[in-house]
Each structure stands twice: as C-alpha cells, then as structure tokens.
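The values are calculated or read from the model by the stated rules, or taken from the named source; none is laboratory data. If you're wondering where the values come from, they're calculated on a predicted model, not measured in any experiment. Please note: Cβ atoms are built from the backbone with ideal geometry, for glycine as well, and neighbour counts cover all protein chains shown.
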Number of protein chains: 6
Amino acid sequence: MKQETRDRLAKVSTATLCTALFKRGLRHQFIQEVRPLNPGLANMVGPAFTLRYIPAREDLNPITVFQDRGHPQRQAVERCPPGAVLVIDSRKDARAASAGSILVSRLMVRGVAGIVTDGGFRDSPEIARLAIPAYHHRPSAPTNLTLHQAVDIDVPIGCGDVAVFPGDVVVGDAEGVVVVPAHLADEIAAEATEMTAFEDFVTEEVLKGRSILGLYPPTDEQARADFASWRQARGR
Amino acid sequence: MKQETRDRLAKVSTATLCTALFKRGLRHQFIQEVRPLNPGLANMVGPAFTLRYIPAREDLNPITVFQDRGHPQRQAVERCPPGAVLVIDSRKDARAASAGSILVSRLMVRGVAGIVTDGGFRDSPEIARLAIPAYHHRPSAPTNLTLHQAVDIDVPIGCGDVAVFPGDVVVGDAEGVVVVPAHLADEIAAEATEMTAFEDFVTEEVLKGRSILGLYPPTDEQARADFASWRQARGR
Amino acid sequence: MKQETRDRLAKVSTATLCTALFKRGLRHQFIQEVRPLNPGLANMVGPAFTLRYIPAREDLNPITVFQDRGHPQRQAVERCPPGAVLVIDSRKDARAASAGSILVSRLMVRGVAGIVTDGGFRDSPEIARLAIPAYHHRPSAPTNLTLHQAVDIDVPIGCGDVAVFPGDVVVGDAEGVVVVPAHLADEIAAEATEMTAFEDFVTEEVLKGRSILGLYPPTDEQARADFASWRQARGR
Amino acid sequence: MKQETRDRLAKVSTATLCTALFKRGLRHQFIQEVRPLNPGLANMVGPAFTLRYIPAREDLNPITVFQDRGHPQRQAVERCPPGAVLVIDSRKDARAASAGSILVSRLMVRGVAGIVTDGGFRDSPEIARLAIPAYHHRPSAPTNLTLHQAVDIDVPIGCGDVAVFPGDVVVGDAEGVVVVPAHLADEIAAEATEMTAFEDFVTEEVLKGRSILGLYPPTDEQARADFASWRQARGR
Amino acid sequence: MKQETRDRLAKVSTATLCTALFKRGLRHQFIQEVRPLNPGLANMVGPAFTLRYIPAREDLNPITVFQDRGHPQRQAVERCPPGAVLVIDSRKDARAASAGSILVSRLMVRGVAGIVTDGGFRDSPEIARLAIPAYHHRPSAPTNLTLHQAVDIDVPIGCGDVAVFPGDVVVGDAEGVVVVPAHLADEIAAEATEMTAFEDFVTEEVLKGRSILGLYPPTDEQARADFASWRQARGR
Amino acid sequence: MKQETRDRLAKVSTATLCTALFKRGLRHQFIQEVRPLNPGLANMVGPAFTLRYIPAREDLNPITVFQDRGHPQRQAVERCPPGAVLVIDSRKDARAASAGSILVSRLMVRGVAGIVTDGGFRDSPEIARLAIPAYHHRPSAPTNLTLHQAVDIDVPIGCGDVAVFPGDVVVGDAEGVVVVPAHLADEIAAEATEMTAFEDFVTEEVLKGRSILGLYPPTDEQARADFASWRQARGR
C-alpha cells in the first residue's frame, strides 16, 4: 500500500472510515465484537494477511503438533509480512485461545503492524503490555488446540462477520477494527481525511455551544463558510 | 422532579435502588447489558426523554437524510430538556452506532444529564473523555443509518429489557442504570437514602470483623442499637 | 492443600495451567466468560467451596428471607474456610446479582482467598477496590432474590461450563479462572512451574529477535542447550 | 392494495420476493426466526396493521387490565382491518405469549388475513388448527402480561429485525414472512410472477436432467429460447 | 397428589395454568425452550422427580462408568416413581444428549408419567414413537457423557429457567411444560378447570362472530349471563 | 468408500455412531443445530465434498454474479461427485439462504447422496418434498448473495462446530448428521453394526419389562448369555 495512504489512515477513526464505506454501499466492514487489548497505542494500519482456523479434531491436535515447523499457525507468524496485519478467522469462538503472548511478541519483533482475531488471546495481560496493536473478543486461557486447527494461510476469510481478502487494508483504533477493500483504500483514506477535518471543526463549534442543525451536516451556507475559514486558519 | 429527590438519588447506588424497587414488586428496572463509558463521573440523575429506533430500511436511510433538520434523531438531541436523560431504544442491537461524539457533545453543552442506549456508541474513546454520563453495550463504529432509523420522540420504549416511560427517573452509577417509575421517585429516593446509611454502617462493622449474621439484616437487637448510635455519631 | 502447591500456583498463569491440563486430556477447566473485578491483585489460589443457586420462585424469595440466619447464601459466607475460594453456580445468569460488596467484604475479612460467580456482582465498583480477588461475568445491580435462590453448600456444581467439585484447586489471574482437579494439583503445580521457566526463557529470546521455529517448542538441540544455560544463569 | 397485486402475491414464494427486493438493494425484508403454525394454508397476503409491545412493568400489568375495553391489544384485535395482517413487535422475546387462540380466532372471524409476531403464541396447538395464517418464533404459554405491554397501534415497528410500516405488504408462505414496502408492491408482484414462471421452467428442466450452467441464470441462448417455448406451451 | 387434581390437570392447558399462576404472582413457571417429541399424546401430569447434571469432566466420564449400577442417571431411571415426571437439569445445554430411547422406554414400562430435559434427547425419532410424553430442546445424538455428569437425585433444580422442587406438579401439553408448586396444585387445578369452561364458552361465541370486548374478560352483564346459561346447558 | 461400509452405515443411527466415536476420544463429530427437512428418507451416507462461504461483500455480490459459469457455488453443484454429500460452511448464519430448491434438485438428479448446511435453505417446503436428504438450521428465504459468498471447493471446513475434511464419511438420519473421519469409517461402521444389534436386543428386553441394571451395559452374565441367544435366534 502507498505510504501516503498508510499515513492518512493512521490519523482517522474507524467511525469515519465506516461512514465513507457506507456511502459506497459497504455496510458490513466493521469487525463485530472485538476490542483492543492495548487501546493506548496509535492506529493499527496495514494490509491483511490471513490465517484460517477450523474446529479442532482431537486426534489431529495433540500438544505435539507444534513440533512440526510447517504447522500453519507457526508459519503464519513467521511469514506475515512486516507492516501487514495478521487477521485470524476463529469462527467467533473465544472458548479457546487463537494465540498467546509469545507468538504476538514474535510478530511485534518482526515488524508486523497488528493482530486481530474474532476469538480470544491467552496471556492477554502480557499482550496488553506489548507495543503491537492486538484485538480480540475476550481473554481465553485454553490452548488453541482445544478448539482451533489452523488450515490455511492468506486465503479469503470471515472475521467478526466481515469478509477479509488478503491485501484488504485493516485499520484499528481504540474503538475497533474496520476492513477497507484494497481497491478503495486510497480514495477512502483521502475522503476520510477530509471528513475528519470537518468533524474536528464541528466538534469545536459544538463545544462552543452551536446547534447541530444546519451545521452537521452543513446545510447552512454560514456553516460551510465558517468551515472554509477554519481550514484556512488551521492550515488543514 | 424535586431537587431534593435529585440530590438524594445522586448519592445512592443503583444496587440500593434495585432493592427498594424489588420490595415494591418491581423486579425488572435495571437496564441489562449496558455499562458506563466514563465511570469516574458522579451519578447520572434525571427524568427520561426517549428516542425510538426501528430497523433501518436501506432506501429510506441514505447518508443524505440528516440534511433534513426535522430528522427525529437530530431533533431529539436539540429537544431533550436540560437535566433530562436521553434514553434510546436501539433494540439491543449494537452492530451499528446509536450516536457519536458530536451529538453527545451537543447534549452535554445543552445541559442534558446523560445518555443511555441499549446499543453502542461510535467515537466511544472521545465520549469516554466527555463530562456527561454515557451508557451503552459496546463500542460500534458504523453509522446508525446502517441499522437504525429514528421514528419517535418521547414515547414509551423498551431499553435493555426495561420499560421506560417519559418522565421516569433514570439513575446511573459506575455499575449501570436503573429506571424508577415517576410516581415512586420521591419515596424511593428517601428510602434508598435510609438504606444507604444502614449499608454504610454495616460495611464499617464488617470491615472491623463483625459477622453478618444478626447484623445484615439487623435481626439482633444489638445491631439495631449500634446502628442508632452510629447514626447519631455520624449525624446521618 | 500443600503450601508448596499453593506457592507454586501463585506464580503461574491460568494459560500455562490450561496447557498442563490439556496434556492430560482435560479440555474444559477454564471458567468461560468471567473476568476479574480487581485484576491488579496477585493470583487467587485455594480449594473450592461451592454454593449452588437455582432460579428464584417469587413466593419463596421475599426480602425477608435473609432474616433467617440459616439462609444458605449467608451460611456460605460465614462457613467458607479461610484460604478457600467460594465458587457460585449462578447458571450463567447475570441479570441479577450473585452477591454484593458487604458479603464479599465479610469473606475478605474472614481470610477467604477469593470468590467466583458465573453471574454478576452488585456493588461492583466497591468490590473492585477490595483486596480479595473476585471474578464475575458483568456488573448486576438487582438483588440476588430477583433470580437466584441458594439451595446447597459445598456440593459439585457447574460454573461457567466447568465441573467444580469441593476441594478442587481454583486459580485465578488477570485473565480468568481455571479449576484444577484436587488429585492433580500437586503435579500440575510442579509441571506448570517448569513450563513457566521455559516460557520466560522463550519470551526473552523472542524479544531479542529469535524465530519461534525450533525454539517453541524446542525441537532444535541448540534451543534446549540455551535453555539449560539460561536456567543455570537464572538459578531457576 | 390492488386486487391484482394481492392475487399475484398469493402465488409466489417469499424466496422469490426476497430476490426481487434484493435486486433493489433491500436486503433485510425477511422476518427472521418466525415460522408458520399452520403451514398447509395458502399464502398470507395483506397490508400491515401493527401493534407495538414494550416490556411489561409489574404494577401496570395485573390480570385486571383487560377489563379496560380500550386496552391497545384488544383494540388492535377489533380494529385491524379485514384483509390486513396484524404484525406485532414483541422485541423478539418469546418467553411470554404475544396472543392466544381466542384473539386469533376473533381476527379470523373478522376477516383479517393473518397474524405475525416475533415472539410466541399461547394455545399454539389450537391456533395451528385455525384457518388463518399465523407466524411466531415458538409456542409460549405464559400470558402476555408477564413480559409484554401493548402501547401503540399502527405505528412503524421492528419485527424480527425488519422495519414494518403500516400499509407495507406482508406476504407469508410455508417458509416464512417477507415485508414488501408499500410503494413497491405492484412492481414486485409483477416481477415475482415473471420470475416464478422462469423458476418453474428451470425446475422442470433440472428434474429432466439438464445442467444449471447456462440455464440458471439463462446465459445460453438456447435456455432463453426454450423458456419462450415453454411459456407459450403453458400459456404463462 | 390427589387423583382429582391429576384428573383435572389432564384436561386443562399449560396456557391456562400459567394464567392461574400469574394471578398468584408466579411468573416464571413455564419451562423455556422445550417442546414435546410426541405432541399427539394426552397431557403429562405428575409430581416432579429430579435429576441434576453438571458439566462432564473427561477423566470421570469414560464409557465404562455405566458399568456401575449405582450411577445416578441409571438409578434415577429405576427409582423415579410410577406416576411421577422425571425432570432433568441439563443446564440448557443440548450439545450432548440427556438420555436416549432405551432409558425412556424403561421409564415408560415402569409407569413413569413423562420426562423433561432442558437439553436434548438422542434416539429422538424412536422416542417420538413411544407412548410416554417426552420434552426436550432439540435432538442430540452425542452420548450424555460427552457433556453431562449426573450428580444428584431428587434435589431442587433449575430446568429451562424454572425452579423445580421434588414433588412440584409438572404438567405438559402440546405447547410445553409448566411447573405448579406442590402446595398450590389442588387449588390451581380447580381454578384452571373453571377457567377452561369459560374459555371454551368464549371460543364458541367468538367463532359465532361475537366481539371480545365485554366478553373476554366478561365485563358485560350479558356475557356473564350467557356463560351461566352455557354452563347449565353443557352441564359444566 | 467401501460398499460394505456404506451399507452398514445406512442401517445404524447417528447416536450409535457418536458413541463409537466417543470411545475413540472424538467428542465433537455431531453437527450442532441442524435438522432434516425430509426426515422420512433413509439414512444419508457418503464422503464429504465441501463448499466454503465467507461473508458477502456488497460490491462483489450483485445478482449478476451467477452469470459466471465458474461461480464456486454453481461449480460445487455440478462437480460434487455422485454418492458424495455436499457439506456447506455457512458460518452458522441462517439469516440468508445457503441454497434453494433448484440447486438441490440438480444435486438429486446428479446422484449426490445429500446436502448439509449449518445455515438455512430457501424454498424449504419444496426441498422437503425432494427425495434427497437435506439438513439445515432453519428455513431462510433471502438469496445467499445477501450474506454468503462462495470462495472454496473441497477444502477442510467447519460445519456446525465440527471439522469436516473432504472425504470424511457423513451420515445423517432423522436426528441429525455425524461426521466420521475417513480413516475410521470402516471400523466405526463395523462396530456400530455390532452395537446396534445389542441395542435392538436391549430395547426388546426393556419393552418386556426388564430392568436396565445389569443389562445396559451387560454387566450381568445372564444379560450377555441372553444376547448371545438372541443373536443366534435372529441371525444377527
């Protein structure tokens, strides 16, 4: 992805991005029921690299499976490109973990931009202290082998009721995670940047006591003029 | 509502209020599955002003609907009386937002006492920093038009499985939100104030090592006598 | 339980314990959907003492029932042994409280090691400030009489989809709660202590930039040798 | 509504109607999680007449409330126009009944075209034997006063996650219920009639052994020609 | 229980019983989410005999446990008294069976009046053909050892969110199952018999075209007079 | 698969198969929450051929996508081998259809052994009349494009919380569907056949009045001897 797009997406909210997507008829791009473990970090931005889990069958998932260097979960952790976001399809099942702090640490050290699962992480208190954005549904101590078996890397998946294709641009903030289709990333980033300037202007006006009617959206000519002045004054 | 009642309700807990309501046969007045975004604030207290959403039909809810100054959501934000609590029936559906930080800021500036939805707010990190109590189920970035259409203002609604009639007294603390029927507000406020004094006394005794048997409830004469002395000493 | 076992369990995570249990074919020992109210405390460790609730029938549960000193809920609070963990079967129903701050305070003063419910606590902000580990699903202000009736003390129960037998060893950390069958507690504590040393070693290596392949699990001879040196250097 | 439209809608399936609505961007018009009690009847067709329930507050809902002839539930039953469909917003809560066999019998005798709730009916075995189409989530014996309080007649509501406006055309078959916006009813009825002819043709062909590729949809010229012949032969 | 009470309860509906219980403040006596496997049978009536399951721990539940004649599940089947109803607390978890056709057949042969679980039965097609009323949530083929461990016989339990005490009178019809507290069984049976006569009268009138206003409830003098004549004519 | 195995599996129940799998440590092979549309048919037996859906993104799923002969859903219908069972991963989401009667008819004509989805079928009344076993969660009229996008054919999937690998043997009866790992199919079929003979014997004995103690399981020598005689007499 373009650096300019990455920079822009680092400064807008998932809420604003959802609205920009809504305008294009995309209503289901916000990953449902996930939250950040470390909400104080900057936005997570990067193209999606995916990992797909299916239910674990007991005979195929003894603790020894990880002795295989080719196990898809471990391969995903070593192969997810720096700057990308690892997105895991855990079938919205958080009764066992999707991954733990050691794997997330390895991703961080490798320069991966973030990790998202629609299940849960184990070692969640440790992950919450790492400097890599991580999103899940809830903490879950049981090893992933209890319920999840990794079968595919970098295929289209579902995550939290959202379609995620490899290369889609994933953005996370303190509210949650939105998936921007790859071909729209540049234009959505630009539009959301514009929208953010306007929302910042409106917020200032509202906090000064102005009514939202005519201002948000700016159906009054005065509102549009004031915004133009504000942008000029702020250099935005 | 009476100022005395408002003052009293500002100093009691939703748990105590639930017990006072339970004694009158009212078992379902605690709004289920909502939590405060800004739990450090003082109690939220005020009469309910309501907003009702139904599912959004796509053709009726393009982004342009907000250009209509008469849109019920925007009207609710401008018309909710200062001192009141805006309670939104979002059908317990948090997959899209009920409102965002700009509208909540406007409510705050207008002197509204708080806002409650059984769905979710967008811009939740910003709302968490505002000085107006706000309660929801979970953060939700998608615009409300994705799933919600505002249709009514100040009618009886359901919110989190509780019946909310306009004018009912809504109280929120760090635990959640309780709805006190309007005609009971004064007596419930008085009774809860008495109960709180007793609970404070019991807590002190328990922390000193006293058994709860005979003390809570005060079936021992000694417990009742000790409470009388405690009240006198404390001037409560 | 042995003091050595208690000490060891105080220093390992629920995630590590789940893996040790998984190796023995026990896949369902992590209590689902509970979280700590006071995650900053040290691990909760102690044998289970149980309390069983059934749905409350209205005529049997007026507010006056607590005037009976023999009420099972109150008896449980007074009889749970110091050092034990009170585990409550609330049928995963958090619509009304399992207990409140006064009872939890009494447990704390009596030296009880912690309290767990698969429902919710009332007065949760107060409980969050107590120095006794407490775990629940979510805050819930309504009195327990609304939905729960205590019927049994110290019988086998289900809690969060886990079988809990009196005397099983219950361990909680900032992630959640795991139930270790009584007869396995010593060996699991020993094994988890070993595993924790290895995980600490791996974490250090990973943060230094080492790949997880061959290291975690240590299929490379070098990894095993490095761990041996690490242990010697650390005295673990 | 036009008789021609009513006649057409009596002969098409809810599945076909959903597809016609999907083509117009309407994706959420099928009432979720309701089923017919009497699936052997002909299609239910009629404009929506609505009834809105909120949660029942105990003090407002003693058994005596029905002595009030003006009670909205009873009024709805007497005022729903012949040929219309009574649609009830029960907030997807089937733990208590939305109505029972006596009220449904009265609707039948009055010539009402059908009844739908996203809750449950009581006396469901009796209703299943009546000659009026009825749809609900599941049988539910408790009186509606237990959980539901009727507050509004003929306002926009949600039912099974669908927006229902008074006058929308409601169609039910053995599969479920779809809501057609009033302004689209005529064109959707016409289009669905055409689609049904084509689907009947395709079904015959498929049962004769023909591949769906090129036939469904008819991307092969031959498929379109065969359909034209089929229509002529059948007079459709 | 009295034979007269049993006979009366055999002829009234669970809906009518729920209303009679509602009048006494008992709102939660209908077992939620269970349905009859064999709805064509006569009413199920009998005192409750209970069986309590907790989650199965893998090491305690190999297939060999049933070699123990004292296993509580098997004991319950042999000890449930003729004329009683076996009610099983399966924690509303139907992912594994509560029992299968062989055990249900044994209960039938022993003269037990029925069986209820808030989980699921295996061999459900066979059970549906037996002449003993059986109620469950949904069919479930996995052996009960997969998820359930029987621990108690004839203790108070929860079943489908209802408190069930041994000896409570359990009544099932084609709609579902209601639990009548033991001490109320006689008076509820008598009252429900009266109510049923009135409802039968009302149904006849409604089917003849009479309005429900003034008739149901009979606030019109004429309605009460007509009912008196009807009873006399029918000998009820 | 071997014809002998297919024949044997046609005559045993999913319940018996679940028990045989349980004995081998496989506890999660019963597809949760699906039911047969046409329960009167003989057992469904065949190797799994899979189809994987992810959430539908609006811009990729207009009604025109089916004009592409290579669309994975249509390809799956034409390529699923005769004798195989088409198993669809619909992420347990029945809000839109997985397929409709035309596609299921085509599968039937092609000799496919059955179809399973953990979502829902549209045209379910028509499918219920076809002579091909079909299993789903509930009827669902909306076209699959509303929520589902087919992306993969014949890869490992999850269906109703069960891992399904291509070639696993899928068996369905009136109760539901079980997945037998391919390498175990022959031995499980043989063992289940033996178990079925014993269960038939036990059922006969129980219906004659014999106690289950000592008989089921046959811990009494007499029970084992009686079974031996029974087999000889029946030629089983």
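The table below lists the values:
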| quantity | calculated |
| --- | --- |
| Residue list for region C:45-91, filter: touching a residue at least 12 places away in the same chain (Cβ under 8 Å), in a helix (DSSP H, G or I) and either within 11 Å of chain E (Cβ to nearest Cβ) or not charged (D, E, K, R) (or both) | C:60, C:63, C:65, C:72, C:73, C:75, C:76, C:77 |
| Members of region D:50-64 that are out of contact with any Ser or Thr (no Cβ under 8 Å at 6 or more places or on another chain) and hydroxyl-bearing (Ser, Thr, Tyr) | D:50, D:64 |
| Candidate set from region C:80-92 (those that are in contact with an Asp or Glu (Cβ under 8 Å, 6 or more places away or on another chain) and not aliphatic (A, V, I, L, M)); member that is farthest from residue C:126 (Cα to Cα) | C:91 |
| Search result, residues across region A:101-126 that are surrounded by 24 or more Cβ atoms within 10 Å (Cβ to Cβ) and either aliphatic (A, V, I, L, M) or closer than 12 Å to residue A:73 by Cβ (or both) | A:103, A:104, A:106, A:107, A:113, A:115, A:116, A:117 |
| Residue within region B:12-30 that is within 17 Å of residue B:157 (Cα to Cα), touching a Leu at 6+ places or on another chain (Cβ under 8 Å), within 10 Å of another protein chain (Cβ to nearest Cβ) and among the polar types (S, T, N, Q) present | yes |
| Residue in region C:6-21 that is under 12 Å from the mean Cα position of the chain (by Cα), of a type in the set (Ser, Thr, Tyr) and at pLDDT 95 or above present | yes |
| Matching residues in region F:21-38 - criterion: being part of a helix (DSSP H, G or I) and surrounded by fewer than 24 Cβ atoms within 10 Å (Cβ to Cβ) | F:22, F:23 |
| Unique match (being within 13 Å of residue E:149 (Cβ to Cβ), among the hydrophobic types (A, V, I, L, M, F, W, C) and in contact with a strand residue (DSSP E or B) (Cβ under 8 Å, 6 or more places away or on another chain)) among E:56, E:48 | E:56 |
| Residues of region B:92-120 classified as over 26 Å from residue D:163 (Cβ atoms) and part of a loop (DSSP other than H, G, I, E, B), total | 4 |
| Check on residue E:174, closer than 14 Å to residue E:116 by Cα and of a type in the set (A, V, I, L, M) | yes |
| Considering residues of region B:113-129 that are touching a strand residue (DSSP E or B) at 6+ places or on another chain (Cβ under 6 Å) and aliphatic (A, V, I, L, M) only, the residue nearest to residue A:217 (Cα to Cα) | B:127 |
| Residue count, region B:187-236 (criterion: over 30 Å from the mean Cα position of the chain (by Cα), more than 13 Å from every other protein chain (Cβ to nearest Cβ) and over 19 Å from residue C:68 (Cβ atoms)) | 8 |
| Unique residue being buried (at least 19 other Cβ atoms within 10 Å of the Cβ), touching a residue at least 40 places away in the same chain (Cβ under 8 Å), touching a strand residue (DSSP E or B) at 6+ places or on another chain (Cβ under 6 Å) and at the interface with chain D (Cβ under 9 Å from one of its Cβ atoms) when the list is E:162, E:170, E:178 | E:178 |
| Matching residues in region A:92-104 - criterion: being under 17 Å from the mean Cα position of the chain (by Cα) and facing chain C (nearest Cβ under 10 Å) | A:104 |
| Filter result (surrounded by fewer than 14 Cβ atoms within 10 Å (Cβ to Cβ) and outside any loop (DSSP other than H, G, I, E, B)) within region F:205-223 | F:208, F:221, F:222 |
| Residue check, residue F:196 of a type in the set (S, T, N, Q) and not in a helix (DSSP H, G or I) | no |
| Sole residue being within 14 Å of chain A (Cβ to nearest Cβ), touching a residue at least 24 places away in the same chain (Cβ under 8 Å) and over 20 Å from residue B:80 (Cα atoms), chosen from B:107, B:147, B:184 | B:147 |
| Matching residues in region E:121-139 - criterion: being part of a loop (DSSP other than H, G, I, E, B), more than 7 Å from chain F (Cβ to nearest Cβ) and under 17 Å from residue E:96 (Cα atoms) | E:137, E:138 |
| Verdict on residue E:41 being under 17 Å from the mean Cα position of the chain (by Cα) and surrounded by fewer than 19 Cβ atoms within 10 Å (Cβ to Cβ) | yes |
| Residue D:179 being under 13 Å from residue D:114 (Cβ atoms), in contact with a helix residue (DSSP H, G or I) (Cβ under 7 Å, 6 or more places away or on another chain) and of a type in the set (A, V, I, L, M) | no |
